[in-house]
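Novice: The structure's right below; bear with me while I get my questions together.
The values are calculated or read from the model by the stated rules, or taken from the named source; none is laboratory data. The structure displayed is predicted, hence computed values, not measured ones. As a convention, Cβ positions derive from the backbone with ideal geometry for all residues, glycine included, and neighbour counts pool all protein chains shown. Each accessible area value is taken on the protein alone, full model and side chains, heavy atoms only, with ligands, DNA and RNA left out. Shrake-Rupley method; radii C 1.70, N 1.55, O 1.52, S 1.80 Å.
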Amino acid sequence: MHHEIHPEIRVLPSPEAVARSAAEYVAECAGAAVAGHGRFTFAVSGGHTPWAMFGRLTAEDVPWERVVLYQVDERIASAADPDRNLTHLRESLGEAPAEVIAMPVDDPYQADAAARYGALLPERFDLVHLGLGPDGHTASLVPGDPVLEVTDRFVAITGTYQGRQRMTLTYRALARADRILWLVTGDDKKAPLARLLAGDRSIPAGRVQAAHSLVLADAAAA
């Protein structure tokens, strides 16, 4: 059955405030998950706001040795490439001893690598963080890409977008999220955010299914 559950939204004055509020929310989710079942499974997208969130999160009281981080998406690029989300994720984590399950994007057999990553995903994610592009994309689910129609796999390879192919979780994998945290900042996000909140399925972000979604947006986006 298709239930329309609209996301809850909290508007904060600035991107910094979004990062701080996100860090508090993630710390809360982590504590509850670890208390509930011994670990916290968290899938993360790239972007400046989430990296700022991780910077703040390392100061919060988080049971890091019970945290398992997955990637929502990643550019197909070599390990040293500064465009890789993983590079920034590791930098923002600093010394925090979380386990990071990285997408195997440097494997030349991309379809096999995607299937292998799909097999590593948990049955449920405690939390999935998503961003929102000015074009309404989320993860690497971009308008018009064949990956939007993939229903038989958890992880797929996109066509070329902004000069690169990406490995991404599909809608089927995102549907395993108990909670989704959307971080949306900047005035170029006004239009897609309004559409997301209205449940507009014509943008890729509007097709993400979740039992519980929280949007943290800055004033510029809202």
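Novice: So which residues in segment 153-181 are of a type in the set (Gly, Ala, Ser) and either open to solvent by 40 Å² or more (accessible area, probe 1.4 Å) or out of contact with any helix residue (DSSP H, G or I) (no Cβ under 9 Å at 6 or more places or on another chain) (or both)?
Specialist: 163, 175, 177
Novice: Quick check on my filter: what residues within segment 11-38 are over 18 Å from the mean Cα position of the chain (by Cα) and open to solvent by 20 Å² or more (accessible area, probe 1.4 Å)?
Specialist: 11, 12, 13, 14, 16, 31, 32, 34, 35, 36, 37, 38
Novice: Are any of the residues in segment 152-165 at pLDDT 95 or above and under 24 Å from residue 9 (Cβ atoms)?
Specialist: For segment 152-165, residues at pLDDT 95 or above and under 24 Å from residue 9 (Cβ atoms): absent.
Novice: Can you tell me which residues in segment 33-82 are in a loop (DSSP other than H, G, I, E, B) and touching a Gly at 6+ places or on another chain (Cβ under 9 Å)?
Specialist: Within segment 33-82, 45, 46, 47, 58, 61, 62, 63, 72 meet the criteria.
Novice: Identify the residue in segment 182-222 that is among the charged types (D, E, K, R), over 20 Å from residue 145 (Cα atoms) and more than 17 Å from the chain's Cα centre (by Cα) and, among all such residues, is least open to solvent (accessible area, probe 1.4 Å).
Specialist: Top of the filtered list is 218.
Novice: Enumerate the strands (runs of 3 or more DSSP E) found wholly within segment 110-222, keeping only those where 1 or more residues are closer than 24 Å to residue 75 by Cα, of a type in the set (A, V, I, L, M, F, W, C) and in contact (Cβ under 8 Å) with a residue 40 or more places away in the chain.
Specialist: Because the criterion is at least 1 residues that are closer than 24 Å to residue 75 by Cα, of a type in the set (A, V, I, L, M, F, W, C) and in contact (Cβ under 8 Å) with a residue 40 or more places away in the chain, the strands (runs of 3 or more DSSP E) in segment 110-222 that meet it are 127-130, 155-157, 166-169, 180-184.
Novice: Would you check if there is a residue in segment 19-28 being in contact (Cβ under 8 Å) with a residue 12 or more places away in the chain, at negative phi and not in a helix (DSSP H, G or I)?
Specialist: No, every residue in segment 19-28 fails to be in contact (Cβ under 8 Å) with a residue 12 or more places away in the chain, at negative phi and not in a helix (DSSP H, G or I).
Novice: Pairs under 7 Å by beta carbon, first residue open to solvent by 20 Å² or more (accessible area, probe 1.4 Å) and modelled with pLDDT under 90 in segment 83-103, partner basic (Lys, Arg) and not in a helix (DSSP H, G or I), six or more apart or different chains?
Specialist: 83/75
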